[in-house]
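Scroll down for the structure; my scribbles are underneath it.
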Amino acid sequence: MLVAIAVAAALVVESGGRSQEAHFRSTLDLIQKDISDTEKRYRLAIARIALAPTLTSKLYVYNKYWGYFSKDTLDGDIAVLRDELETRLLAESIDTIAVYRVEGDHYASVAVVGNSSYLRDTIVHELPGQLIGRPDYLQTADGFYATFYMPVFRDGEEIGLLV
């Protein structure tokens with residue numbers, strides 16, 4: 001009788017372990033699918049934003065004439081860009097959008113809408129190319145941040161970077 005009870009208990013424990021493992025794997029699969037879907041949604045959103053006429057026009061002008069504008073003129077013009085970015089941020093459900101212009105061998109920050117805590121003022125030109133097709137993840141005390149990089153072009157010429 002004791003042997004039968006022991007065998008039955010072992011089967012119950014083993015069955016419970018398999019059930020827990022199956023539940024864990026199912027949950028892990030759901031998390032991985034959610035992360036993959038979020039990455040895809042962000043990639044598509046940032047690609048759409050990078051093609052926006054307002055963004056490409058402003059970056060083109062900033063690249064050509066950045067040093068010629070007064071601070072007040074730049075501040076006023078960048079305010080219009082920020083408004084456009086805020087609209088896009090809300091429409092695409094993105095946490096942060098940053099715009100950089102090409103400056104020599106790096107990208108220089110123009111405007112950020114959202115949380116700028118983990119974004120740099122300059123980005124070396126090679127970094128986005130190294131991360132094509134995948135996000136740059138950063139783990140901090142308050143969570144994980146995924147940064148996507150999308151070059152912005154006008155007439156075949158790279159004029160900036162959307163982050």
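Which aspartates and glutamates have a Cα lying under 19 Å from the Cα of Lys40, excluding residues fewer than 8 positions away in the same chain? Once the sequence-local aspartates and glutamates are set aside, what remains near Lys40 is Asp29, Glu92, Asp95, Asp136. Against the longest alpha carbon principal axis of the chain, how many degrees, from 0 to 90 and to the nearest 10, is the axis of helix 2-50 turned? With rounding to tens, the tilt is 10 degrees.
Within straight-line reach of Lys71, meaning a Cα separation under 16 Å, sit the following lysines at least 8 residues removed in sequence or on another chain: Lys58.
The angle separating the long axis of helix 53-65 from the principal Cα axis of greatest extent in the chain is about 50 degrees.
Ser70 contributes an accessible area of around 60 Å² to the protein surface, as traced by a 1.4 Å probe with all chains present.
Taking Ile49, Ile123, Ile35 in turn, the Gaussian network model of the chain (Cα-Cα springs below 10 Å) assigns the largest fluctuation to Ile35.
For the pair the stretch 52-98 and the stretch 124-156, the centres of their Cα atoms are 19 angstrom apart. Relative to the first principal axis of the alpha-carbon coordinates of the chain, what is the inclination of helix 71-92, with its axis defined by its Cα atoms, in degrees from 0 to 90 and to the nearest 10? Once rounded, the angle reads 30 degrees. Between (1) 1.58; (2) 1.15; (3) 1.03, which matches Cα Rg over 2.2 N^0.38 Å calculated for the structure shown? Here Cα Rg over 2.2 N^0.38 Å agrees with entry (1). Computed over the chain with a Gaussian network model linking Cα atoms closer than 10 Å, the most mobile of Thr56, Thr73, Thr96 is Thr73.
Charges only on Cβ, +1 for Lys and Arg, -1 for Asp and Glu: so what's the dipole of the chain about the Cα centre, in debye to the nearest 20?
Details: 16 positive and 23 negative charges, 67 e Å.
With Lys and Arg at +1 and Asp and Glu at -1, about 320 debye.
Measuring r between the beta carbons of Glu21 and Tyr137 and using R0 = 30 Å, the FRET efficiency lands at 0.65.
Taking every alpha-carbon pair under 8 Å whose residues sit at least 6 apart, the chain reaches a relative contact order of 21 percent. Determine the shape class of the stretch 42-102: with a ≥ b ≥ c the square roots of the Cα gyration tensor eigenvalues, call it rounded for a/c under 1.5, and otherwise prolate if a/b is greater than b/c, oblate otherwise. Prolate, since a/c reaches 1.5 and a/b exceeds b/c.
All other residues with a Cβ under 14 Å from the Cβ of Glu126 taken together, and with Lys, Arg as +1 and Asp, Glu as -1, what is their net charge? The answer is -2. Between Val124, Val102, Val112, which gets the highest mean-square fluctuation from a Gaussian network model of the chain, Cα cutoff 10 Å? Top of the fluctuation ranking is Val124.
The values are calculated or read from the model by the stated rules, or taken from the named source; none is laboratory data. Keep in mind that what you see is a predicted model, and the values were worked out from it rather than measured. Positions of Cβ are generated from backbone atoms using ideal geometry, with glycine treated the same way; all protein chains shown enter the neighbour counts. All accessible areas refer to the heavy atoms of the entire protein, side chains included, with ligands and DNA or RNA removed. Shrake-Rupley method; radii C 1.70, N 1.55, O 1.52, S 1.80 Å.
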